[in-house]
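Chemist: This structure is in structure tokens; I'll ask about it shortly.
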Amino acid sequence: MPHVLIIHEVEDYKVWKIVFDNAADIRKQAGEISYQLLSYDNDNNNIVHFSEWSSLDKARRFFE
């Protein structure tokens, strides 16, 4: 299975996380199988999003 790794900074993790969680069904319908969220221990606003997708094409379409 293909994986996607995204490292980015968010303005406010708590606000971002609500939006991220609300989009769970959209990501799943688009082909996301599973994901992990990580953050730096000294800065919760730096996010690492690692996800598994049913196909690389579906992941590309979703993120474009």
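Chemist: On average, how much area does the Cα convex hull of the chain cover when viewed from any direction, in nm²? Mind showing how you got there, number by number?
Modeler: Numbers: hull surface 16.8 nm².
For the chain, averaging the hull's shadow over all directions gives 4.2 nm².
Chemist: Oh, and also: Around Ile33, which amide H atoms from residues at least 5 apart in sequence, or from another chain, sit under 5 Å from its own amide H, with H modelled in the peptide plane?
Modeler: Glu52, Trp53, Ser54
Chemist: Explain nothing, just compute: Karplus ³J(HN,Hα) = 6.51 cos²θ - 1.76 cosθ + 1.60, θ = phi - 60°, for every residue of segment 30-45 in order, whole Hz, x for Gly and Pro.
Modeler: After applying 6.51 cos²θ - 1.76 cosθ + 1.60, I find 7, x, 6, 9, 7, 8, 10, 10, 10, 9, 5, 5, 9, 7, 5, 7 Hz.
Chemist: If you don't mind, another one. Enumerate the amide H contacts of Ser39 below 5 Å, restricted to partners 5 or more residues apart or on another chain; note that Pro and chain-start residues carry no placed amide H.
Modeler: Distant-sequence amide H within range of Ser39: Val48.
Chemist: Distance from the Cα centre of segment 36-50 to that of segment 3-34, in angstrom?
Modeler: So the separation of the two Cα centres works out to 12 Å.
Chemist: For Asn44, what residues show an amide H to amide H distance below 5 Å, using hydrogens built from the backbone and excluding near sequence neighbours?
Modeler: none
Each reported figure results from applying straightforward, stated rules to the coordinates on display, with no laboratory input. Because the structure is predicted, anything quoted here is derived from the model rather than measured.
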